[in-house]
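The block underneath contains the structure these notes are about, expressed in structure tokens.
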Amino acid sequence: MLRIISANLNGIRSATNKGFYQWLQEQNADFVCLQELKAQAADLTTDMLHPSGLCGYFHYAEKKGYSGVGIYSKKPADNIIEGLAYTDIDSEGRYLELQFGNLSIVSLYLPSGSSSEERQIVKYSVMDRFYPHLQNLKASGRDVVICGDWNIAHQEKDLKNWRGNQKNSGFLPAERAWMTKIFDELGWVDVYRRIYPDTTDECYTWWSNRGQAWANNVGWRIDYQIATPDIAAKAISASVYKAQRFSDHAPLLIDYDI
């Protein structure tokens, strides 16, 4: 059995104070992919760098208190790929890949475009450059699981108020079409949707801090595990953990029969 968790922490120090690491100790996860660290190496305690029984790997943003991704693993990685070899993307700490034999585990944090038109342009630019990388990863023949915050709700069933969000970043037609191409043309698999093709309210992984979004479950599914077909076919259970709140996101847990 292989348990993989993806969790946007919206600040690793904040999540620590909310009990994330106590919860993590109970999960017996093989891989834990983190996004939005909002910290640099000097900010992390020993427990954050290397939680009990896990090796820690990180790709920090250059800007303090911003972005950044990480992966915890039960075993040391055979190879580490930090970034996508684009200076502007890599300076924001958005991609980390660990290789274990023929398996790659990726922690990904795609940009949000909701703050300004300029950031939406950046988001489209990152998407354009990430697509051929996805193409190459798929063609490599490796088993790959990409965990993370994609900042896109793919379908109408992936957010509560889809009608009112069709002109908003995260649910724009071009963003949704890009994800459709990843699945339909490149052949990647949305693992949660493979197991639960039709769920709505249970699938959300992010809730705005505005209004009563959490209380009313007005959420979005923007955190995914997207995998190559062979390993995706081995997924046997998936869940979104909501009993405790560590962040404005909720962890996505998927177990694979490996």
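Which ranges mark the strands (runs of 3 or more DSSP E) fully within segment 10-74 that have 1 or more residues being among the polar types (S, T, N, Q) and under 26 Å from LEU103 (Cα atoms)?
Because the criterion is at least 1 residues that are among the polar types (S, T, N, Q) and under 26 Å from LEU103 (Cα atoms), the strands (runs of 3 or more DSSP E) in segment 10-74 that meet it are 31-35, 69-73.
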Testing GLU97 on (1) crowded, with 20+ Cβ neighbours inside 10 Å; (2) touching a residue at least 24 places away in the same chain (Cβ under 8 Å); (3) not aromatic (Phe, Trp, Tyr), one condition comes back false. Which one is that? (2)
Testing GLY164 on (1) exposed (fewer than 15 other Cβ atoms within 10 Å of the Cβ); (2) in a loop (DSSP other than H, G, I, E, B), one condition comes back false. Which one is that? (2)
Matching residues, segment 1-26, being in contact with a Leu (Cβ under 7 Å, 6 or more places away or on another chain) and either farther than 21 Å from PRO76 by Cα or surrounded by fewer than 20 Cβ atoms within 10 Å (Cβ to Cβ) (or both): ARG3, LEU9, ILE12, ALA15, PHE20
Please identify the pairs in which a residue from segment 186-206 that is within 19 Å of LEU137 (Cβ to Cβ) has its Cβ atom under 8 Å from the Cβ atom of a residue that is among the β-branched types (Val, Ile, Thr) and part of a loop (DSSP other than H, G, I, E, B), counting only partners at least 6 apart or on another chain. GLY187/THR228; TRP188/THR228; VAL189/THR228
Of the conditions (1) surrounded by fewer than 21 Cβ atoms within 10 Å (Cβ to Cβ); (2) within 19 Å of LEU252 (Cβ to Cβ); (3) in contact with a Gly (Cβ under 8 Å, 6 or more places away or on another chain); (4) of a type in the set (A, V, I, L, M), the single one that VAL106 does not satisfy is (1)
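Among the listed residues SER107, SER140, SER67, SER114, which satisfies the condition of being at pLDDT 95 or above and farther than 16 Å from ILE12 by Cα? Even if it seems obvious, please write down each step before you answer.
Values: SER107 fails: farther than 16 Å from ILE12 by Cα; SER67 fails: farther than 16 Å from ILE12 by Cα; SER114 fails: at pLDDT 95 or above.
Of SER107, SER140, SER67, SER114, the one residue that is at pLDDT 95 or above and farther than 16 Å from ILE12 by Cα is SER140.
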So if I check each of SER208, SER247, SER169, which one is under 23 Å from VAL122 (Cα atoms) and buried (at least 16 other Cβ atoms within 10 Å of the Cβ)? SER169
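The values are calculated or read from the model by the stated rules, or taken from the named source; none is laboratory data. Everything quoted here is computed from the prediction, not taken from an experiment. Here the Cβ is made from the backbone with ideal geometry for all residues, glycine too, and neighbour counts use every protein chain on show.
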